[in-house]
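Contents: one structure, followed by commentary.
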Amino acid sequence: MRQATVYIDSEALQYNLNRVKQLAPTAKIVSMVKANAYGHGVKDCLAALGSTDAFGVACLEEALEIRALGFQQPITLIEGIFSLDEMPIVLDNQLELMIHHQQQLDWLRLYKDQYIQKGLKVWVKLNSGMNRLGFKVSDIIDVIQSLKADGFQCVLAMHFANADVDHHPLNELQKQQFLQVKEACSPILASCCNSAAIFKWPELNFDFVRPGIMLYGASPFADQSAHDLDIRPVMTFTAEIIALNHIQAGESVGYGSTFISEQEMDIAIVSIGYGDGYPRAYLTQNYVSIHGQATPVIGRVAMDMIAIDVTGLNAPIGTVVELWGKHRLVDDVATANGTIGYELLCRMTGRPKRKKI
Ligand SMILES: *Cc1c(COP(=O)(O)O)cnc(C)c1O
């Protein structure tokens, strides 16, 4: 059988959740499990995240999947609802809305009594300069005051555009605006930290932190690895060697014959490709790991196969190759491919087998 497997390490997930608890001991944890738990599979991840205070997802369908699995924690829809007909389902399933524009406010008000009766909080998003979602600082205070006057329990929410960058000027501006609104609307619950901000600004943890990538053991920072941050990779992605070729100097490998050997070498073909979610676009030398040994990927990545240089290695057919995981970090594969770990994880396909360990 073709071996392409994604292992999900529940203990690593629990470990990383505990890291959040250590870093933000007084905040409640809203574990971000959008995009199928960053490609890890909600089903396999939720049990390990059982002790989280709440979940965050991008849309109703993702929230309903969590409810269908029997989890009762609060769930925040971080982009709110997209149409009014979602509102009854939101109420039936005890979901909390993040509100980012006037129309959503109007929709919420139509269901005011039921929403408040169910004890659901309204998350109100501040646009402090990222310019994706949210009310501007000049409008949000009125929005929150009127929601509070109506009896809603509000959480002031904000997202940093550059939490992963030291000394970015927008960071200070965003912080200042957030604190200004928080002060003007006091008392109010507050939440502005994603993974990078949890590591960097403990003073901004407030009532709720919203970790995503760190739970999965990948780094939000370009210059700090998962090991540096003491978080553990949750996903291990493996395949097997299915063929071996001995080639002479001057021979090429794979589509486009982009790789031409300079000397005799042993190459192995591994049963993995972009059809599984392994990236094709590498910019700099990429590696896989065989028993912890970094082994170069050579030639183009195809839909179902890659070639690696196994010269001098004892790597017979059937040898397990780690594409990313504990030895070859997903962030390093991402860097070699001009992207970030988030993207590689989220674009995993359903093709590899999944196993929970
Ligand atoms: C995805 C998301 C997060 C988590 O971000 P990470 O960088 O993965 O920690 C937090 N807050 C919001 C609003 C998000 O959309």
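The values are calculated or read from the model by the stated rules, or taken from the named source; none is laboratory data. Quantities reported herein were computed from a predicted structural model and do not represent experimental measurements. Every residue, glycine among them, receives a Cβ derived from its backbone with ideal geometry; neighbour counts consider all protein chains shown. Surface areas here come from the heavy atoms of the whole protein model, side chains and all, with no ligands, DNA or RNA. Shrake-Rupley method; radii C 1.70, N 1.55, O 1.52, S 1.80 Å.
Where residues in the stretch 1-35 are in contact (Cβ under 8 Å) with a residue 24 or more places away in the chain and among the basic types (Lys, Arg), which of them is least open to solvent (accessible area, probe 1.4 Å)?
Selected residue: 19.
Please verify whether residue 91 is buried (at least 18 other Cβ atoms within 10 Å of the Cβ), of a type in the set (A, V, I, L, M) and in contact (Cβ under 8 Å) with a residue 12 or more places away in the chain, treating the condition exactly as stated.
Taking the combined requirement at face value, the residue does not satisfy it.
Filtering the stretch 173-197 down to residues that are hydroxyl-bearing (Ser, Thr, Tyr) and not in a helix (DSSP H, G or I), which residue is nearest to the ligand (Cβ to nearest atom)?
That would be 191.
Does the stretch 260-279 include one or more residues that are hydrophobic (A, V, I, L, M, F, W, C), within 12 Å of the ligand (Cβ to nearest atom) and either touching a Lys or Arg at 6+ places or on another chain (Cβ under 6 Å) or part of a loop (DSSP other than H, G, I, E, B) (or both)?
The answer is no; no qualifying residue exists.
Which pairs do you get when a residue that is farther than 23 Å from residue 281 by Cα, found in the stretch 231-256, comes within reach of a residue that is polar (S, T, N, Q) and open to solvent by 10 Å² or more (accessible area, probe 1.4 Å), reach meaning Cβ atoms under 7 angstrom, with the pair 6+ apart or on two chains?
Within 7 Å, the pairs are 249/263.
Kindly indicate the residue of the stretch 24-44 that is assigned to a helix (DSSP H, G or I) and within 12 Å of the ligand (Cβ to nearest atom) and also farthest from residue 64 (Cα to Cα) among those meeting that condition.
38
Of the residues that sit in the stretch 198-214 and are buried (at least 23 other Cβ atoms within 10 Å of the Cβ) and near the ligand (Cβ under 8 Å from one of its atoms), which one is farthest from residue 39 (Cα to Cα)?
Applying the filter and picking the extreme gives 198.
If we keep just the residues of the stretch 280-323 that are touching a strand residue (DSSP E or B) at 6+ places or on another chain (Cβ under 8 Å), outside any loop (DSSP other than H, G, I, E, B) and among the polar types (S, T, N, Q), which is surrounded by the most Cβ atoms within 10 Å (Cβ to Cβ)?
If we take residues in the stretch 280-323 being touching a strand residue (DSSP E or B) at 6+ places or on another chain (Cβ under 8 Å), outside any loop (DSSP other than H, G, I, E, B) and among the polar types (S, T, N, Q), then 295 is surrounded by the most Cβ atoms within 10 Å (Cβ to Cβ).
What residue, among those in the stretch 36-54 that are within 13 Å of the chain's Cα centre (by Cα) and farther than 14 Å from residue 355 by Cα, is least open to solvent (accessible area, probe 1.4 Å)?
37
Within the stretch 329-357, which residues are surrounded by 15 or more Cβ atoms within 10 Å (Cβ to Cβ), within 25 Å of residue 255 (Cα to Cα), away from the ligand (no atom under 16 Å from the Cβ) and not polar (S, T, N, Q)?
Listed by number, the residues that qualify are 332, 333, 336, 352.
Looking at (1) away from the ligand (no atom under 15 Å from the Cβ); (2) modelled with pLDDT of 95 or more; (3) open to solvent by 30 Å² or more (accessible area, probe 1.4 Å), which one does residue 81 not meet, given that it meets all the others?
(3)
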